[in-house]
Amino acid sequence: MQLYFKGSSRGSAAFTIQGVQPENSSPIILAENLTKVYSAGRVQVQALRGVSFAVEPGEFVAIVGPSGSGKSTLFYLLGGLTRATSGRILIDGIDFASLSDAERTRLRKHRIGFVFQRFNLLPTLSAMGNIEIAYEVSGRKEPMDRAYLDHLGDILSIRGRLKHRPSELSGGEQQRVAIARALITRPAIVLADEPTGNLDSKNSDAVLHMLQRSNQELGQTTLMITHNPEAASIAGRILYMRDGEIVRIETGSRSGVEKAPASASAAAV
Ligand SMILES: Nc1ncnc2c1ncn2[C@@H]1O[C@H](COP(=O)(O)OP(=O)(O)OP(=O)(O)O)[C@@H](O)[C@H]1O
Ligand SMILES: [Mg+2]
């Protein structure tokens, strides 16, 4: 599938890119009765208490809930970064538990782009180095698309900051570098934990706009954890979590960013 991802904020380039939406429409993510118990000494914390849901290819799903409700725990399980205490996760119909560590790592690197709540940038590398190494470990054969990186850099307003190390960047800049790092490989699945948590409204709009465009134009399946109801409203579906469970599911408006922010549109034109 050929799709067009138009222009940078400097207005010139147009990108012809390969869509990532799989042909069939069986769930790309299936979570079945997930539980997670953390043991810290004698204390046990039940972080997830039986979470089940399915995500279709190309969906944009927001996960909302109070602090401590298990959102990041779910993020780690869905990304194959932690094992569930019980229950199953299928990505593209493949059960994580059936894979060896090496196979699980490969699936993760090929298919999933992560935006971590605490960014997880490597401190000794520049922002550019962080993006490049993520591209390298993804195992993509073709060289990194520099024009696409410029495009991400423009929309996320980090182009002039890429030579700096994380310690020389503001929290919001680090967050936007982490988003560029997740998107540079054009992953089939984007998992983003509070991607606007450290951003002012202008940059928050730009990030949401970027995630929404990636979702719509690349067919990326996107799961975004957020505390921000406006951010959640751009999703097609919103899952509400409380005390380790999904307690409500709503349909999102999907219109919050498209209509509203002059700032994001200006950044993206
Ligand atoms: N490694 C761990 N060891 C023990 N308990 C943990 C661990 N990680 C998380 N928890 C606990 O599990 C529960 C869920 O944590 P989680 O990080 O998933 O919440 P969250 O919804 O992401 O919260 P926030 O919005 O603050 O990021 C919390 O009670 C937390 O204290
Ligand atoms: Mg969290």
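The values are calculated or read from the model by the stated rules, or taken from the named source; none is laboratory data. Treat the numbers as computed from the prediction; the structure is a model and nothing was measured. Cβ atoms come from the backbone with ideal geometry, glycine included; neighbour counts cover every protein chain shown.
If you go through the range 69-111 and keep only what is charged (D, E, K, R) and either within 16 Å of ligand 2 (Cβ to nearest atom) or crowded, with 16+ Cβ neighbours inside 10 Å (or both), you end up with LYS71, ASP92, ARG104, ARG108, LYS109, ARG111. Within the range 112-126, identify whether any single residue is touching a residue at least 60 places away in the same chain (Cβ under 8 Å), under 16 Å from the mean Cα position of the chain (by Cα) and surrounded by fewer than 19 Cβ atoms within 10 Å (Cβ to Cβ), and answer yes or no. Scanning the range 112-126, I find at least one residue that is touching a residue at least 60 places away in the same chain (Cβ under 8 Å), under 16 Å from the mean Cα position of the chain (by Cα) and surrounded by fewer than 19 Cβ atoms within 10 Å (Cβ to Cβ), so the answer is yes. Residue-level check: of (1) more than 20 Å from the chain's Cα centre (by Cα); (2) farther than 22 Å from GLY197 by Cβ, THR105 misses just (1). So is ALA40 more than 9 Å from ligand 1 (Cβ to nearest atom) and either among the polar types (S, T, N, Q) or exposed (fewer than 15 other Cβ atoms within 10 Å of the Cβ) (or both) or not? Answer is no for this residue. The test for being part of a helix (DSSP H, G or I) and either more than 13 Å from the chain's Cα centre (by Cα) or within 16 Å of ligand 1 (Cβ to nearest atom) (or both) holds for LEU74.
For the range 159-194, a tally of residues being at negative phi and within 16 Å of ligand 2 (Cβ to nearest atom) returns 6. I need the full set of residues from the range 148-190 which are touching a residue at least 60 places away in the same chain (Cβ under 8 Å), surrounded by fewer than 18 Cβ atoms within 10 Å (Cβ to Cβ) and assigned to a helix (DSSP H, G or I), in order please. ASP150 - this is the single residue of the range 148-190 that is touching a residue at least 60 places away in the same chain (Cβ under 8 Å), surrounded by fewer than 18 Cβ atoms within 10 Å (Cβ to Cβ) and assigned to a helix (DSSP H, G or I).
Residue count for the range 24-68 under the criterion of being within 16 Å of ligand 2 (Cβ to nearest atom), out of contact with any His (no Cβ under 9 Å at 6 or more places or on another chain) and assigned to a loop (DSSP other than H, G, I, E, B): the result is 1.
Is it true that LEU74 is of a type in the set (A, V, I, L, M) and within 25 Å of LEU208 (Cα to Cα)? So LEU74 passes the test. Could you check, for the range 111-121, whether at least one of its residues is closer than 19 Å to PHE75 by Cβ and assigned to a helix (DSSP H, G or I)? Yes, the conditions are met somewhere in the range 111-121. Restricting attention to the range 218-248 and to residues that are assigned to a helix (DSSP H, G or I) and under 15 Å from the mean Cα position of the chain (by Cα), the residue that is modelled with the highest pLDDT turns out to be ALA232.
For residues that are surrounded by fewer than 24 Cβ atoms within 10 Å (Cβ to Cβ) and aliphatic (A, V, I, L, M), scanning just the range 200-222, find the one that is nearest to ARG118 (Cα to Cα). Here the residue is MET210.
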